[in-house]
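Below is one structure, written out as structure tokens; comments come after it.
Any read-out appearing in this document is the output of simple, stated calculations on the displayed coordinates, not a laboratory observation. All values derive from a computational prediction rather than experimental measurement. Here Cβ is always computed from backbone atoms with ideal geometry, including for glycine, and neighbour counts include all displayed protein chains.
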Amino acid sequence: MPRKKIFLLNCLTMVVIALNLRAPITFISPLVGDVQAHFYLSSAAVGFLTTLPLFAFGIFSFLVSRFQHIKAMIVGLICIIIGEFIRAYGEFLYSEHLQNILKSAHLFFGTMIMGAGIAVANVLLPTFVKSKFPNKIPQMMGIYSFTLNISAIIGLAVALPLMHYIGLLNTMAIWILIALFALLLYIPQARNGRIKRIFTHKQESFNIFKNLNAWKITLFMGFQSFMFYGVIAWLPKIIEEKGYGIDFATTITLITQFIALPTSLIVPVILASLRNKYKSLCMFIICSLYGVGMLLILFFSQDSVLYCAAVILGIPMGSVFTIALLFITQKSSSAFIALKLSAMAQGCGYLIASVSPLLIGKLHDIFHGFQQGIMVFICTSFVICIFGYLANNVTTITDEDKN
């Protein structure tokens, strides 16, 4: 096959797999009220539901590097398909008597399986980029991050219309189609017997968890994920409690994602062209925009201010995650180190992020409002600034590093 076709196939495969990594999670936000009503859930339970995929990301990300990559990706995509089916239609798989006992257990179980599958793709896609596009890493990571934001927008944008036309459960299951397409595209990666190749654990003596530089990148990834998923999960509800309808609240959340699209491509390119001392200042400004946007939401309720807050929040929501991914690929000396660092950063990072939706939901149940949760977001934005500065100054991580 000509190189250009191989390049396009690999690019399309990366894009379609990436489409599965946000939409099945973000679509819940506009439907929080409907999900609560259908499954009889409290705000804390909804927060836990949003937390489950992140918890799965954290737990299963550590395991991915121990398996043959092609097999792991195929199993991961299958898990996404099975998990999405169970969380939507699981209640029809057991008797009416068991339905009364188990209630919404299938919702959480299916979400956990789906989250495990997404965790596999989360870890392997940066390594896929480093191995398939070694000379185009910044551009391809930009496309990857751009696709993730597109996926988030799709989930937010189509959730309400789909629910009105095909119902809640079918809306929860429709993402299976994208996962099936991704699986079909990825299967050619197993050609020439590559799926049967024995996987060996190279350089077992290298422990990435003992590397201080790796922890700087990991904590940067963790706190930016804490912020992103907390905002995605609760921003519509925060706006709704200011007296607006769910349509306006969803629009505000969509604006953040539309702004995130270009920034996910533009900001990393701008950073790459700056000297290191200016990079740190630029990163501090970008990360602090999380706090600025949340301050506006905390103190103002006018729709014009909320629009401005959405634009401000969209800039770091798109660019900071891309920067974190770039750190994983560019600060690694090889694909092996990139895999180890990706597993560590996303494993620990998503465990940190998993606290966010649950914590904000619990604070809402306790204080009957979102003011305390917004304050948590504001404080987190400054923590992101600190670890962003530290991660930016990390030198290339090699298997010979001892610190």
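Between rounded, prolate and oblate, where does the stretch 256-368 land on the alpha carbon gyration tensor, with a ≥ b ≥ c its root eigenvalues, rounded for a/c under 1.5, else prolate if a/b exceeds b/c?
oblate
Shape call for the stretch 260-306 from the C-alpha gyration tensor, a ≥ b ≥ c root eigenvalues: rounded (a/c under 1.5), prolate (a/b greater than b/c) or oblate?
Oblate shape, in that a/c is at least 1.5 and b/c is the bigger or equal ratio.
At most 16 other Cβ atoms within 10 Å plus a DSSP loop assignment makes a site exposed; report the longest stretch of the chain without any exposed GluC sites (Glu not before Pro).
On the way: sites that count: E204, E241, E400.
Within the chain, the longest run free of exposed GluC sites (Glu not before Pro) spans 1-203.
Take Q36 and S273, extend 7 Å from each Cα along the Cα→Cβ direction, and tell me the distance between the two endpoints in nm.
4.6 nm
Sum up the charges of everything whose Cβ sits under 12 Å from the Cβ of I137, counting Lys and Arg as +1 and Asp and Glu as -1, but leave I137 out.
It works out to a net charge of +4.
In the chain, which cysteines lack any other cysteine Cβ under 4.7 Å from their own?
C11, C79, C282, C308, C348, C379
So, in nm, how far is label Q139 from label F109 when the simple model puts each one 7 Å beyond its Cα toward the Cβ?
4.7 nm
Just to be sure I understand the rule: take each whole DSSP H helix in the chain, project its Cα atoms onto its long axis, keep it if the span is 18 Å or more and its mean Kyte-Doolittle hydropathy is at least -0.5. Which ones pass?
Values: long enough: 3-19 (24 Å, 1.48); 43-64 (32 Å, 1.91); 69-89 (30 Å, 1.58); 105-132 (40 Å, 1.18); 137-166 (41 Å, 1.37); 212-240 (42 Å, 0.93); 246-273 (41 Å, 1.65); 276-299 (35 Å, 1.45); 303-330 (40 Å, 1.70); 335-353 (25 Å, 1.38); 371-392 (32 Å, 1.51).
Helix filter hits for the chain: 3-19, 43-64, 69-89, 105-132, 137-166, 212-240, 246-273, 276-299, 303-330, 335-353, 371-392.
Hey, can you grab everything whose amide H is under 5 Å from the amide H of I397? Only 5+ residues off in sequence or another chain; H modelled, so Pro and N-termini drop out.
So I397 has HN proximity to S332, S333.
Treating the beta-carbon of each Lys and Arg as +1 and of each Asp and Glu as -1, no other charges, what is the dipole magnitude of the stretch 1-140 about its Cα centre, to the nearest 20 debye?
It works out to roughly 1000 debye.
Give, rounded to the nearest 20 debye, the magnitude of the charge dipole that the chain has about its Cα centre when Lys and Arg contribute +1 at Cβ and Asp and Glu contribute -1 at Cβ.
Roughly 1860 debye for the chain.
Under unit Cβ charges (Lys, Arg +1; Asp, Glu -1), what dipole magnitude, rounded to 20 debye, does the stretch 247-399 have relative to its Cα centre?
So the magnitude is around 540 debye.
Restricting attention to the stretch 298-386, which chymotrypsin sites (Phe, Trp or Tyr not before Pro) occupy a DSSP loop and are surrounded by at most 15 other Cβ atoms within 10 Å?
The qualifying sites are F300.
Run lengths n ≥ 4 of DSSP H only: what is the helix-derived mean residue ellipticity at 222 nm for the chain, with -39500 (n - 2.57) per run over all residues, to the nearest 500?
Estimated from H runs of four or more residues: -27000 deg cm²/dmol.
Assuming 0.890 mPa s and 25 °C, estimate D for the stretch 1-142 with Stokes-Einstein, Rh taken as the Kirkwood radius over Cα pairs, in µm²/s. Don't jump to the answer; show the numbers that get you there.
Values: Rh = 16.6 Å.
D = 148 µm²/s.
Please tell me the relative contact order of the chain in percent, rounded to the nearest whole number, where contacts are Cα pairs under 8 Å and at least six residues apart.
Answer for the chain is 28 percent.
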